[in-house]
1. Relative to the longest principal axis of the C-alpha atoms of the chain, give the angle of the C-alpha long axis of helix 127-136, reported between 0 and 90° and rounded to the nearest 10°.
2. For the chain, go through all pairs of different Cα atoms, get the mean of 1/r, take its inverse, and jot down that Kirkwood value in Å.
3. Any chance you could give the angle, 0 to 90 degrees and rounded to 10, that helix 20-34 forms with the longest Cα principal axis of the chain?
4. Note the angle between two axes, namely the Cα long axis of helix 55-66 and the longest principal axis of the Cα atoms of the chain, as a number of degrees from 0 to 90, rounded to the nearest 10.
5. Report relative contact order for the chain in percent, whole number only (criteria: Cα-Cα under 8 Å, sequence separation at least 6).
6. Let me know the shape class of the range 73-140, please: from the alpha-carbon gyration tensor, a ≥ b ≥ c as square roots of the eigenvalues, rounded when a/c is under 1.5, otherwise prolate if a/b is greater than b/c, or oblate.
7. What's the ranking of 67-74, 96-103 by average number of surrounding C-beta atoms within 10 Å, highest first?
8. Applying 1/(1 + (r/R0)^6) with R0 = 25 Å to the Cβ-Cβ distance of R64 and L24, what FRET efficiency is obtained, to the nearest 0.05?
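All of the numbers you see were taken from the coordinates with simple rules; none came from a lab. Please read all numbers here as calculations on a predicted model, not as lab measurements. All Cβ positions, glycine included, derive from the backbone under ideal geometry; neighbour counts span all protein chains shown.
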Amino acid sequence: MSLVQLIYVSDLVAQDESQIAAILSSSVRHNLENGITGMLLYSQGNFLQVLEGERDKVEETYARICQDKRHHNTVMLTEEEVSERQFADWTMGYRQLSPEIAAQLTEYAPFFQFGFDAAAIRAKPGVALAMLELFSQGMF
Ligand SMILES: Cc1cc2nc3c(=O)[nH]c(=O)nc-3n(C[C@H](O)[C@H](O)[C@H](O)COP(=O)(O)O)c2cc1C
């Protein structure tokens, strides 16, 4: 059994935020079935998501997500084997990040305040996971 953690970014189509509730309910339903846990962040029209679980389930889920017409420009940032889950409590946690949160977190703001900046995130290894972990803790 191989446990992996996959992180990607994407753009919500037409910034239609009314889609997000439906995305989340179908995510939770499928993830429960597939043993997937993770966290979905949304900021200014972009998503940053981590999926973790058995490799075949994560890859099958990611392939399905990539076909979803509600978002586009999907870019995988990392896929790594891990020894344990970091988001075990979440079938899919969700946070929407606001300018007020960016103002409190100057260290991370450049990576998300105008939407997730895929190039900047790629250039700083570990920052995507650090943001996902921070926001999963609910302090901000
Ligand atoms: C940003 C985003 C995140 C998603 N996350 C998940 C997820 O974690 N797990 C999942 O099974 N589907 C996820 N989906 C939904 C899938 O793309 C797909 O629509 C769904 O699995 C099919 O659901 P259905 O059976 O309700 O048609 C996500 C979609 C989007 C746009």
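1. 90
2. Values: mean 1/r = 0.0665 Å⁻¹.
15.0 Å is the Kirkwood radius here.
3. Long axis of 20-34 versus the principal axis of the chain: about 30 degrees.
4. For 55-66 against the chain, the angle is about 50 degrees.
5. Details: 231 pairs, mean separation 48.9, N = 140.
Relative contact order for the chain comes out at 35 percent.
6. Numbers: a/c = 1.83, a/b = 1.19, b/c = 1.54.
Since a/c reaches 1.5 but b/c is at least a/b, the shape of the range 73-140 is classed as oblate.
7. Top of the packing list down: 96-103, 67-74.
8. Working: r = 15 Å, r/R0 = 0.60.
The value I calculate is 0.95.
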